[in-house]
Amino acid sequence: AVLVRHIRRPVARLSEIVGTSAFRPTEAVRRIRTGYFAEDADFIDPDGPLLAQRQGDRWRYMDDPTLASSVLERNNVGMGMLVLNRPKGLDLPLINDLYVRLRNLEVNSLKRFVGLTANDPGPFCMGLDPQELLLAATVAKRYGRLPKFSRALLWHHQELAHLVADFRKPLVCQMSGLSSNGGAALACLASFSGAHEDSEVAFDSCQAGVVPMGGATHVLAGLSWNLGEFLALTGRPVRGADLVYVGLLKHWIAPEALPFLELTAEKHLEVSETDSRGLLDEHSLPLPDGLGDYDSLPKKVIPVLQRAFSKESVPEILIALRQEGLVRDTIISSFVDDCIERMERASPLALHVTLQLIRRARAVLNDVRAVPPKRSREEALEENLRLELRAQQRLLCSEDAMIGLHARCLGREMAKGVWSRRGLTDVTADEVKDVLKSKPSHSVSGETEDFAVHERSEISLSSHPRLRQYHPEFDPSTGLDHDPAWMQSEVKRWSTELFAEERRRRSMSFWAAQTLHYMAKLDTPGVLLAVDRDLWALGDFGLGLIVVDGDEPAVSLWLTMCKLLVVHPSWYMYIYRACCWLK
């Protein structure tokens, strides 16, 4: 009341100035009130904001308070939480950072399980960043081999997939939003993967001229009814409960499950590891109805897909689909027509290679199921990852990879007949064998050796001399539980700054080299080159055209600037400004 008496006269004078006689400060003050309980309609949280909702409220108290890091982490007793925070996809710093964090949580004795999800509102993970793959393809096209940072990106991506699939603790992965290709494979390979209404998976690598990676063929080969071939060759998305019905994910989990697990994680340390794993199953909700006529994968089309995609080759699959589409059922016919359209817009070479990768991965998995088993599950996974890496390295050196990845970066859909092979029948068996051959091709893609994974220990390193002797890699002669030289090389290899400077210099040098290369091919001396993001979509290092007058002093000045650009690639912005002035 005292406060009202003090502010009444100034507010009244203000109302006289603005000419609003209806303004009554006493009534305005009386309307500001709050309920006592949180369930009241007029309750105001004293700790909450009055005028706006807090952004990122679900992922507060992360290790990065700005929520700007590509990987966020939040730990408590009994559980570690990792949150992916890069919607564009995986790059080398993110992969290295995520691998190191997962490895540290794996050997932490105070963590019974680990949670993995993505920042709201998603997507969960789009696989490898298409801009990174496009940069690798363009450099490989220019120099005949993949650069070191691109080879490290592909190799480390496979190692990350192996770690997720072979994680020694329960890995609770909640797929929030859309995920594709290698990003979807990370969730599918987790031991406790969960889907919900907003979950969606698409394996559309063939539409970009490349093959699925990150263990995607290993996951697709394990599906029944030849659904793996269907998903990989068409790129058609699967959503919601259908992900659990077809076998891609294992549980139906609500988005609130992970925050609730954080609150109760301390109780898991009071029981055994087996009982802790059983407690996680209590968070799996009853699975709703799926595979309906209007869902992402109708049940009635599954026999049609099995008959068509069980054929031996891609042209035979396409012929079988056309025959199956002649039925009178509108749901089946429209579904089949969409599959045919998607396959015709994909890269023919990528389709043939992807089909063979899935068939080989299924043969490897059959060796695991044999009695007695011919190989272990770990060996099967490593073999399938090796096949994926081998094929991807060689496809990135092809022209189709540049065409498809360029369109993917610009958000465009490929049209029929724009690939190097016009039709699905233009790909020969020898071309597919060259991509999948066992011997590494040193001259084509820069391959040095086949993919392999180093054995990892389940016990963390210790600074206590008596605890070191219990480590499986303990050396009595040195008294150490690790090789210092090897450990130093591993720290360097999994650093977030690995090949960062080389990638930056290669990108700038590539821009300068392409500038001179295009100028040498131009007949008109007045056509010059400058920066344009929309042409090559290489981040800030694209190429475009600028037309200037063809007088000799201007062309001479431009050639001088190009020479400076080759010597000092970091000056590209100054060269661009000079081009604008010259124009």
- Query: Which lysines have a Cα less than 19 Å from the Cα of Lys433, not counting those fewer than 8 places away in the same chain?
  - Reply: Lys311
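Could you work out the per residue convex hull volume over the alpha carbons of segment 246-302, in cubic angstrom?
On the way: hull volume 5.5 nm³, N = 57.
Dividing the Cα hull volume of segment 246-302 by its residue count gives 97 Å³.
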- Query: In whole Å, what three semi-axes, largest first, describe the equivalent ellipsoid of segment 205-301 built from its Cα gyration tensor (square root of 5 times each eigenvalue)?
  - Reply: 32, 17, 12
- Note on the structure: Packing-ranked peptide list from 380-389, 485-494, highest mean Cβ count within 10 angstrom first, is 380-389, 485-494
- Sequence neighbours fewer than 8 away in the same chain don't count; with that in mind, list the aspartates and glutamates whose C-alpha is under 12 Å from Lys141. Glu399, Asp400
- Query: Hey, how much of the P(r) for segment 141-227 falls beyond 14 Å, as a percent of Cα pairs?
  - Reply: 69
- For segment 93-137, what D do you get in µm² per second when you plug the Kirkwood radius from alpha-carbon pairs into Stokes-Einstein at 25 °C and 0.890 mPa s? 191
- Please provide three numbers in whole Å: the alpha-carbon extents of segment 247-371 along the principal axes, with the largest listed first. 59, 37, 29
- Rounded to the nearest 20 debye, dipole of segment 351-403 from Cβ charges on Lys, Arg, Asp, Glu: 280
- Mean Cα-pair separation over length for segment 143-293, i.e. relative contact order, pairs under 8 Å, 6 or more apart, %: 21
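For Thr66 and Arg142 in one chain, what is 0.36 nm times their gap in residues minus the Cα-Cα distance, to one decimal in nm? Mind showing how you got there, number by number?
Working: separation 76, 0.36 × 76 = 27.36 nm, distance 3.96 nm.
The span from Thr66 to Arg142 would gain 23.4 nm if fully extended.
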- Message: Can you compute the modelled spin-label distance between Arg375 and Lys299, with each label point 7 Å from Cα toward Cβ, in nm?
- Response: 3.7
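Can you tell me the FRET efficiency between Asp434 and Glu344 if r is taken as the Cβ-Cβ distance and R0 is 22 Å, rounded to the nearest 0.05? Let's see the in-between values first.
Values: r = 24 Å, r/R0 = 1.09.
Efficiency, from the Cβ-Cβ distance: 0.40.
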- Item | Whole-Hz couplings from phi, Karplus 6.51/-1.76/1.60, listed for segment 251-263; x for Gly and Pro | 9, 10, 10, 6, x, 7, 5, 5, x, 5, 5, 5, 6
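Express in nm, to one decimal, how much length is gained between Leu269 and Ser109 on full extension, taking 0.36 nm for each residue of separation and deducting their alpha carbon distance.
56.6 nm
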- Please report the orientation-averaged projected area of segment 74-197, defined via the convex hull of its C-alpha atoms, in nm². 7.5
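Which FRET efficiency value, to the nearest 0.05, do you get for Ser462 and Lys88 by plugging their Cβ-Cβ distance into 1/(1 + (r/R0)^6) with R0 = 51 Å?
0.85
Find the accessible area per residue for segment 55-105; the probe is 1.4 Å, ligands and nucleic acids are left out, and the unit is Å². Display every interim value, and only then the final one.
Details: 2120 Å² over 51 residues.
Per-residue accessible area for segment 55-105 comes out at 42 Å².
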- Query: Does anything in segment 231-275 have its amide N under 16 Å from the 7 Å Cα→Cβ label point of Asn76, and if so which residues?
  - Reply: 256-270
- Message: In whole Hz and in residue order, list the ³J(HN,Hα) couplings for segment 473-487 that follow from phi through the Karplus curve 6.51 cos²θ - 1.76 cosθ + 1.60, θ = phi - 60°; x for Gly and Pro.
- Response: 9, 5, 10, x, 5, 9, x, 10, 9, 7, 8, x, 5, 5, 5
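Taking R0 as 41 Å, what's the FRET efficiency between Arg412 and Arg168 from their Cβ-Cβ distance, rounded to 0.05?
Details: r = 43 Å, r/R0 = 1.05.
So the FRET efficiency works out to roughly 0.45.
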- Query: Under 18 Å from a point 7 Å along the Cα-to-Cβ line of Asp289: which residues of segment 244-264 have their amide N that close?
  - Reply: 244-246
- Message: Could you give each residue of segment 179-187 its phi-based ³J(HN,Hα) in whole Hz, using Karplus coefficients 6.51, -1.76, 1.60 with θ = phi - 60°, and x for Gly or Pro?
- Response: 8, 8, 6, x, x, 5, 5, 4, 5
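The values are calculated or read from the model by the stated rules, or taken from the named source; none is laboratory data. Quick caveat, the model's predicted, so the values are computed rather than measured. Glycine also receives a Cβ, built like all others from the backbone with ideal geometry; neighbour counts cover every protein chain displayed. Keep in mind that these areas ignore ligands, DNA and RNA; they rest on the heavy atoms of the full protein, side chains included. Shrake-Rupley method; radii C 1.70, N 1.55, O 1.52, S 1.80 Å.
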